[in-house]
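Structure first, commentary second.
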Amino acid sequence: MFIPTQVIDYDANGQAAMAYVQYAEQNTVALSAFHFRKGYALPDEVGADLPVALVTFNGATPLANIPNQADGVSASVKLNDVVFAKGEVWSGDGALITLGTSDQVSQYSVTIGANLGSHFQIQGEEIRATESSGFLGAYGSGGFSTADGSHVDLHGVSIRTHFGGFGAFASYRAGVAASNFSNSILNKINADISQAAAGLMWRNARNAVALAYSQPLHVTGGDMNLKLATGRTDSGAVTYANPTVVLNEGIKQANYEIGYTRLVGQYAKVGLNLIYVKNPANEPGFDHDLGAMVMIGVRI
């Protein structure tokens with residue numbers, strides 16, 4: 001018998017920002033359908049089950065912040081008392097490239113995991129993603145056109161543990177983002193990329209604390225081949241040079257955030273988040289960004 005579970009998050013306008021429906025059969029087979037918008041994570045992602053909402057990290061998959069909205073399905077099966085497997089696919093619309101045409105982002109993943117006892121889980125994953133008209137969410141036109149799109153291959157590992165009111169998680173993904181552009185100065189890009197996060201959490205009947213460190217998906221190395229016009233032959237054909245530019249890791253963003261919430265009575269909650277971002281947006285000249293957020297919630 002399949003038992004349904006439904007989770008819906010709404011934005012400030014009352015619109016569904018994340019909707020997740022799962023049908024599970026005796027905890028061995030589960031089928032899910034979901035919808036999410038930029039900045040929202042699915043409830044089964046590592047790090048998405050923090051007891052406090054954080055601004056800088058929510059467990060999102062690597063390219064989930066590129067599409068404005070996306071829809072997908074997943075299926076998981078418990079192979080025995082320890083090992084489980086999961087497959088997931090989603091597709092969504094990214095930024096508007098030309099009138100009526102958007103960057104289409106699709107992601108496919110396969111996960112193999114193990115529950116070692118009732119308190120510890122480890123899993124490895126393979127992720128394949130494509131963009132129809134962009135490169136890691138960046139879009140170019142004219143001589144720097146990215147109209148041919150790109151693809152991403154990632155390998156990842158993650159762990160999470162819960163014991164009593166305490167919990168912890170860590171995840172790391174690394175791989176390659178590659179493009180071949182036919183009508184662009186950017187002839188070919190092969191970029192090494194990575195993403196990392198780790199966090200701690202604690203809760204009791206009235207209090208909850210979450211601390212997370214994260215590095216968004218970023219370039220760590222690789223090379224870029226250019227196609228530069230150098231002149232014409234006597235017959236009028238254009239000649240080209242193809243210099244290669246080495247991609248260095250350079251500046252990278254790092255997020256640190258701690259959040260605390262407390263239930264006040266039966267119907268109210270107050271909270272405080274402290275945020276520190278080093279090298280925001282990977283931009284030179286922006287050394288750091290500090291922030292604080294106070295939250296008040298009432299259940300009616």
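Every number here is computed from the coordinates shown, using simple stated rules; none is lab data. In this text the structure is predicted, and so the values were computed from the model without any measurement. Every residue, glycine among them, receives a Cβ derived from its backbone with ideal geometry; neighbour counts consider all protein chains shown.
Brief remarks follow.
- Of the residues 28, 130, the one with the fewest other Cβ atoms within 10 Å heads the list, and the complete ranking is 28, 130.
- Residues 263, 154, ranked from the fewest to the most other C-beta atoms within 10 Å, line up as 263, 154.
- Inter-site label distance for residue 296 and residue 240 at 7 Å from Cα along Cβ, in nm: 6.2 nm
- What the Cβ-Cβ distance of residue 122 and residue 38 gives, at R0 = 45 Å and to the nearest 0.05, is a FRET efficiency of 0.95.
- Springs between Cα atoms under 10 Å define the GNM used for the chain, and in it the highest mean-square fluctuation of 26, 104, 195 occurs at 26.
- For region 149-257: Kirkwood Rh in Å [reciprocal of mean 1/r, alpha carbons]: 17.4 Å
- Exposure proxy ranking, count of Cβ atoms within 10 Å, fewest first, for 283, 257: 283, 257
- The label point for residue 205 and the one for residue 188, both projected 7 Å from the Cα toward the Cβ, are 6.5 nm apart.
- For residue 144 and residue 25, the difference between the fully extended length at 0.36 nm per residue and the C-alpha to C-alpha distance is 37.8 nm.
- Alpha-carbon spread of region 192-243, three principal axes, descending order, Å: 82, 16, 8
- When you restrict to C-alpha pairs under 8 Å that are six or more residues apart and normalise by the size of the chain, the relative contact order lands at 10 percent.
- Efficiency of FRET from Cβ geometry, residue 266 and residue 153, R₀ 35 Å, rounded to 0.05: 0.10
- Here region 2-298 was treated as a single set of alpha-carbon atoms; its pair distances binned every 5 Å from 0 give 1, 5, 9, 13, 16, 16, 13, 10, 6, 4, 3, 2, 1, 1, 0, 0, 0, 0 percent.
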